[in-house]
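Here's the structure we're looking at; comments come further down.
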Amino acid sequence: MDAQSQSPSRDRNRLQEVGEAVESPQREVPDSDVAVGSWGHIRVDEPKRPTLIKRNTTRGQSSLSVSEALRLERSRHEQETLLGADEEADDDGCYPPRVNDEPRAPNPHKCLPVYATIHKIRRLVIASIDDPYSADQLKSPRMNVAVVRPLVDHLYDPDDVSIVYCLLVNRVQFLREQAYQAHHQTVNLTRATLCELIASRVLRRYDEDHEGRSGLLMVANVLVAGFEPFQMAPEEIARRNKTVPSWTVRYNLARPEYERMLTALEVAIVSEAKGFLSTSACQKIVENVYRGRIIYTPTSFIDILPDHYKNRGISLYDPRRAPLLNQYRLSVPRTRNIIEICQFIVLLALYILMMVNKEHTLGPTHLGFTVAELVFIIYSMGWVLDEIASICEHGWTVHTENLWSFLDITFALIFLTYFSVRVRGFKLGDPSYAQLSSNIISMAAPVLFPRLAFCLMPESMLFIALRAMMSDFMFLTVLAVWCFAGFLMAMRWLSESGEGYIPHNVITIAKWMLWIWFGLDGTGVQRSVEMHWLLGPMLMILFAFLGNTLFLTILVAMLSNTYTNLAQNATAEIQFRRAVLTFEGVKSDSLFAYRPPLNVLALIILLPLKFILTPRWFHKVNITAVRVTNAPILALVSLYERKYLWRRARNLAPPMRHSWIAMWERMGAHGDLQAVFDADPPQEIIDEMDDVDDILSGEMWNGGDYVTALRRRRGSRSVMSDASGVWSRSRGESRVNGFRRRRGMSEDEHHGPEATEEV
């Protein structure tokens, strides 16, 4: 037997030897279990091995019954409908309503042993896996029974919502160890993949075991609730950790209990757990957060203009009970995404207007600012400030995972360079600086126009692959410049030492090399004899072979491999980008509530007030300013959400069935295929469907076979006409006999009063 087939058994044995997860020790083999074979060999039966304890769960089956599937479907429908009459939200539109009038809700998860759970999971995973496996091998039936399912049964705890967070934290650590400890080969990568797989299974169990709106809130707490890695750690560990400077930069913080906290969703994005993020349970929460049905106060890295006087827990949002001008709806990812697209369209329009009306001849007019240029500069300052605040909100790592972040950063750098040169030219009175700044800002056109396409089609596989391939192309280009710099310097020094020296500067030689690299022109090969009659052409030809033939072939192969890998996992890539867009859209900084260029004015005025006023009065001033400056937007959002945010329940607002589109569909030949699903089946049909569970589980057989039990349950259909030929005696018995023959049974095995009973 090869080592690959022995690995699951060895890993299972190592997993069962973990001391804190073992339920009972191995038993000794009694004498009755020892027997002597015909050849004199002693045979010992394999002893009963201990299993991992299943904590607070009675789940042991991987398949769902029909009644459970129907229950989950009803639960999903309930989670998508508006709150009922008995589920009233408070005056902020939050459900469940607040208990008291305190502005900040307490942290409900502060007593969870996060620190101990993280290290317990690490020990279990290390004991489970000591050989490298691929992701497909971890999902195989053998590994599922031997490793994955026992770990899921042991770790799943419906009272501890930090399990998924702890699993993803261990995934980050295993990936870091894989990057810095190459002698472990890919074992740590396998352990990281196992953590992601277990996290997906545990999250699915949370979703299946908790139904209704309470279940939706439970799964939301698993994903977007904040946890601190050193939570409930021993005092000496916590004391040592407090001496390390905090990575959060906040001043006059109104909620210190949320420092250093991260969410499971953020850890999954940082570790690029695309399989976890593409699960149905995770995408359900992502979709509800994106639309604003689930609201929460996010954690942040740096808040430029913090206003955390009010802090609400994870809640469902009821727009009927919320105020008309609710400033918190500006941080809903879908609303913010639409606003950001409109802001960028305004920026692009101002840029085109400025470039069309610019001066084309060098002269004194370059020193003066036109109206279009001044408006563009003021608006761009606010737009760049919004980009800087986005980077500070969740950190550089999360922000760069956005699809168009590299375009935004490039434009910000171009604008800041343009503005610096423009101001210097105006200060010195030199028109050449003004013309140079105009040339610099012209370089923003290749960035702004594609960015609009990225915004309008964020889930296009072409743009997702283009972003990934741009990263590979830039890396390989930097590596090529580094490697071929030796050719450039060699030819420069060779041209200086030759007889009849012809001065060729570095720029000229680099231009020739670039043309050769992309196959545009061979001037460098022809002019290389001017450097040296033998060594010059030899260097140029060698560079052409390495650069144009070998290096570009490697580049094409690398980009093709990148696109193939992305295309094979297109669904996971799209859902990963959707999760990033959702997580970045929930903003904590008050600066995002002001539209450019009003955010610059808010920073100048409100930031000094932050140190003067009390948190309560600063909150009042801030929300008043936000509501005044965004009154039309808030009114439109509120009116839209009160009608379309939630799916209406049938008893509240029946769906419109008489629209012209529905009438046109009903007139077709296949209209009944849609009409049969317009209304729920009556209760007697649902009860009949529930009886299938009893038949499939074998409880209704009573010594007979499946067909006999099924016929017994269909007693109400015994009056069927013989003309149908379905349940008549002759055809029915012939079909039953054919069914038995296919199963390899004889007719005598099932003869009896039930088999001969007329249906």
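Values in this text are rule-based calculations from the coordinates and carry no lab data. Note that the structure is a prediction, hence the values are computed from the model and not measured. Note: ideal-geometry Cβ built from the backbone for every residue, glycine included; neighbour counts use all protein chains shown.
Just want to confirm a number: the relative contact order over region 283-417, from Cα pairs under 8 angstrom separated by 6+ residues, in percent.
27
Take every pair of alpha-carbon atoms less than 8 Å apart whose residues are at least six positions apart; their mean separation over the length of region 367-435 yields a relative contact order of 38 percent. A straight line joining the Cα centroids of region 316-343 and region 381-449 runs 29 Å. Distant-in-sequence amide contacts of R104, defined by a placed amide H-H separation under 5 Å and a gap of 5 or more residues or a different chain, comprise N311.
Calculated FRET efficiency, S471 and V628, Cβ-Cβ r, R0 51 Å, to nearest 0.05? Intermediate results must be reported in sequence, preceding the final value.
Values: r = 43 Å, r/R0 = 0.84.
The pair S471/V628 has a calculated efficiency of 0.75.
Scanning residues 5 or more positions from Y133 or on other chains, those with amide H under 5 Å from its amide H are T190, with H placed 1.01 Å from N in the peptide plane. If a/c stays under 1.5 just call it rounded; otherwise compare a/b with b/c (prolate if a/b is bigger, oblate if not). Do that for region 281-436, with a ≥ b ≥ c from the square roots of the Cα gyration tensor eigenvalues. Prolate.
Each label point was placed 7 Å from the Cα along the Cα-to-Cβ direction; for R142 and E87 their separation is 4.6 nm.
Once the Cβ-Cβ distance between L613 and M538 is put in as r, and R0 is 60 Å, what FRET efficiency do you end up with, to the nearest 0.05? Given R0 = 60 Å and the Cβ-Cβ separation, E is 0.20.
Computed from phi, the 3J(HN,Hα) profile of region 109-124 under the Karplus parametrisation 6.51, -1.76, 1.60 (θ = phi - 60°) reads 10, 6, 9, 6, x, 5, 4, 5, 5, 4, 6, 5, 5, 4, 5, 5 Hz, with x in place of Gly and Pro.
Entry note, region 106-330: relative contact order of 23 percent, from Cα contacts under 8 Å with a spacing of 6+ residues.
I need the peptides 534-540, 332-338 ranked by packing, meaning the mean over residues of other C-beta atoms within 10 angstrom, with the highest value on top. The partial results should precede the final answer.
Working: 534-540: 17.0, 332-338: 19.4.
So the peptides 534-540, 332-338, ranked by packing, come out 332-338, 534-540.
Which of rounded, prolate, oblate describes region 472-602, given a ≥ b ≥ c as roots of the alpha-carbon gyration tensor eigenvalues and a/c under 1.5 marking rounded, otherwise prolate only if a/b is larger than b/c? Here region 472-602 falls in the oblate category.
Label sites at L428 and E102, each approximated as a point 7 angstrom past Cα along Cα to Cβ, lie 6.1 nm apart.
3J(HN,Hα) along region 376-388, derived from phi through the Karplus expression 6.51 cos²θ - 1.76 cosθ + 1.60 where θ = phi - 60°, amounts to 5, 5, 5, 5, 5, 4, x, 5, 5, 4, 5, 5, 5 Hz, with x in place of Gly and Pro. Less than 5 angstrom separates the built amide H of C94 from those of D318, all sequence-distant by 5 or more or on a different chain. Pairs over the 27 Å Cα-Cα cut-off, from the set K284/K587; K110/K310; K587/K643; K274/K587; K274/K310: K274/K310. Across region 592-605, rounded Karplus estimates of 3J(HN,Hα) from the backbone phi angles (6.51 cos²θ - 1.76 cosθ + 1.60, θ = phi - 60°) give 6, 7, 10, 7, x, x, 5, 5, 5, 5, 5, 5, 6, 8 Hz, Gly and Pro being marked x.
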